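**Q** To start, I am sharing the structure in question, which I have written as structure tokens.
Taken together, the values in this text are just the output of simple stated rules run on the coordinates, not laboratory data. Since this is a predicted model, take the numbers as computed values, not measurements.
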Amino acid sequence: MSALLDISQMDMVFDTPKGPFTALKGVDLKIKKGEFVSLIGHSGCGKSTVLNVVAGLYQASQGGVVLNGKEVNEPGPDRAVVFQNHSLLPWLTAYENVELAVKQVFGKAKSRAEVKEWVEHNLKLVHMDHAMHKRPDEISGGMKQRVGIARALAMQPEILLMDEPFGALDALTRSHMQDSLMEIQNELNNTVIMITHDVDEAVLLSDRIVMMTNGPAATVGEILDVTLERPRDRLALAEDAEYNRLRSEVLKFLYEKQRKVEHISKAAAAKKEQKAEEVA
Ligand SMILES: Nc1ncnc2c1ncn2[C@@H]1O[C@H](COP(=O)(O)OP(=O)(O)OP(=O)(O)O)[C@@H](O)[C@H]1O
């Protein structure tokens, strides 16, 4: 498999007041161009840390990330990040937020007319062309996320990194956003890594679901291939046997296999405590 993104033997150790803390240990993941990969795992296992290393915001302690043959050491326009909380500049309109990113990435390579056309095109893609001259405080949470996605897409990154992009939205808005993202993905075939806590979202959107073990020293536990035909329709899939099998595979990983790990470590801790009491 020729990988666009190659994460190999990545460790992440944080210095903390209590000493070094190994958040990630030996993370291996290869992602092909055009793949949509979700990262799922219990809270605190290290999903955002993986994304932050890929984004170049954190430097891995061991191993690392190669994107398109180049080692990643710092943030760059080849990787655009969409966060849970839009991160739009509040004093700029939706149009101006996207325009700023486009100007930063393309500089003088695009004329004024081309910039305008490109900004409008991307806002249209996320169905925000009707409100492009509104500021973030004048639009809803879902609309802000749409603008954040338009801004990321407009940068034409090699890879789109999404950290729970729909996590703060209500269920209905979230479904609309997932459908929009699938439409866009169908058209543009972006390479995407998306963190999610939502099992249905992971199965609906992904080509592969990367399930992470619990931390500390979290790593890739299992990877599930999602070969459901595209375009995918959430209502039809609700009755689909393969969809339901995949869904229960993820649930089993999270609530049986990873819970067991927690139980074992809790049991081990209890035993240790008991022994200490016996010694005392
Ligand atoms: N800058 C940091 N310094 C010290 N520890 C950190 C730092 N960033 C993350 N951690 C720790 O690393 C572990 C992984 O954190 P991370 O935020 O990547 O998890 P996550 O899976 O994204 O969690 P969530 O799903 O709750 O967002 C946690 O134990 C966290 O406390």
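**Q** Taking 0.36 nm per residue of separation and subtracting the Cα-Cα distance, what length does fully extending residue 2 through residue 172 add?
**A** Contour length minus the Cα-Cα distance gives 57.4 nm.
**Q** Compute the long axis of helix 141-154 from its Cα atoms, compare it with the longest principal axis of the Cα atoms of the chain, and write down the angle in degrees, 0 to 90, nearest 10.
**A** Helix 141-154 and the main axis of the chain meet at about 80 degrees.
**Q** Shifting gears a bit: On C-alpha positions alone, give me the angle between the axis of helix 112-125 and the longest principal axis of the chain, in degrees, nearest 10.
**A** Value to nearest ten degrees: 50.
**Q** Quick check: from the Cα gyration tensor, does segment 73-161 come out rounded (a/c under 1.5), prolate or oblate?
**A** Oblate.
**Q** For the chain, calculate the relative contact order in percent as a whole number, restricting contacts to Cα pairs under 8 Å that are 6 or more residues apart.
**A** Once normalised by length, the contact order is 24 percent.
**Q** Residue 66 to residue 233: extension gain in nm, 0.36 nm per residue of separation minus the Cα-Cα distance?
**A** 56.7 nm
**Q** Ok, one more. Which of the residue pairs 110/144; 25/47; 103/124; 47/103; 124/144; 33/144 have a Cα-Cα distance greater than 23 Å in the structure shown?
**A** With Cα atoms farther than 23 Å apart: 110/144; 47/103; 33/144.
**Q** I would also like to ask the following. How far is helix 94-106 tilted off the main Cα axis of the chain, in degrees rounded to 10, range 0 to 90?
**A** 80 degrees
**Q** Mind checking the full-extension length gain between residue 240 and residue 187? Use 0.36 nm per residue of separation minus the Cα-Cα distance, one decimal, nm.
**A** Taking residue 240 through residue 187 to full extension adds about 16.6 nm, to one decimal.
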